[in-house]
Amino acid sequence: MRNPKRLAAIRKLPCIRCGNPDSQAAHSNSAKHGKGRSIKASDEFTVPLCFKCHASFDRFELGTRAESEVMFDQWLVRVNRMLSQADKEIF
């Protein structure tokens, strides 16, 4: 499922791993989030990562596949809290 509004909000956040302000929307690499061959996970499973961290994450240089899934799930919880807080501050 594509959600341009979420992707734009994600890109405004700093990298969840290193804090770099220039981030990209990084999709989950997990099948449990809808990832498949040539299929991106749903946009609801995105976190902000800078180019360097995004590339390292996608190449599983930050840990095994299982470790990467755990790391991503932890990042996702933090990012969703950040987005929720940002929504509250707007109103």
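If you check Ser28, Ser84, Ser38, Ser23, which single one turns out to be in contact (Cβ under 8 Å) with a residue 40 or more places away in the chain and among the small types (Gly, Ala, Ser)?
Ser28
Can you tell me which residue is surrounded by the most Cβ atoms within 10 Å (Cβ to Cβ) among those in segment 6-26 that are in a helix (DSSP H, G or I) and among the aliphatic types (A, V, I, L, M)?
Among those that are in a helix (DSSP H, G or I) and among the aliphatic types (A, V, I, L, M), it is Ile10.
So that you can scan it fast, the table gives a plain yes or no per residue for (1) exposed (fewer than 15 other Cβ atoms within 10 Å of the Cβ); (2) among the hydrophobic types (A, V, I, L, M, F, W, C):
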| residue | (1), (2) |
| --- | --- |
| Ser28 | no, no |
| Ser38 | yes, no |
| Asp43 | no, no |
| Val47 | no, yes |
| Lys52 | yes, no |
| Phe60 | yes, yes |
| Ser68 | no, no |
| Phe72 | no, yes |
| Trp75 | no, yes |
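Name the residue, out of Asn80, Asn29, that is touching a Lys or Arg at 6+ places or on another chain (Cβ under 6 Å) and not acidic (Asp, Glu).
Asn29
Among the residues of segment 47-83, which ones are modelled with pLDDT under 95, within 17 Å of Ala9 (Cα to Cα) and touching a Leu at 6+ places or on another chain (Cβ under 7 Å)?
Of everything in segment 47-83, just one residue is modelled with pLDDT under 95, within 17 Å of Ala9 (Cα to Cα) and touching a Leu at 6+ places or on another chain (Cβ under 7 Å), namely Met82.
Can you spot a residue in segment 31-41 that is modelled with pLDDT under 95, in contact with a strand residue (DSSP E or B) (Cβ under 6 Å, 6 or more places away or on another chain) and more than 23 Å from Gln85 (Cβ to Cβ)?
Looking for residues that are modelled with pLDDT under 95, in contact with a strand residue (DSSP E or B) (Cβ under 6 Å, 6 or more places away or on another chain) and more than 23 Å from Gln85 (Cβ to Cβ), one finds at least one in segment 31-41, hence yes.
The values are calculated or read from the model by the stated rules, or taken from the named source; none is laboratory data. Bear in mind the structure is a predicted one, so any value in this text is a computation, not a measurement. A quick note on method: Cβ atoms are made from the backbone with ideal geometry, for glycine too, and the neighbour counts reach across all protein chains shown.
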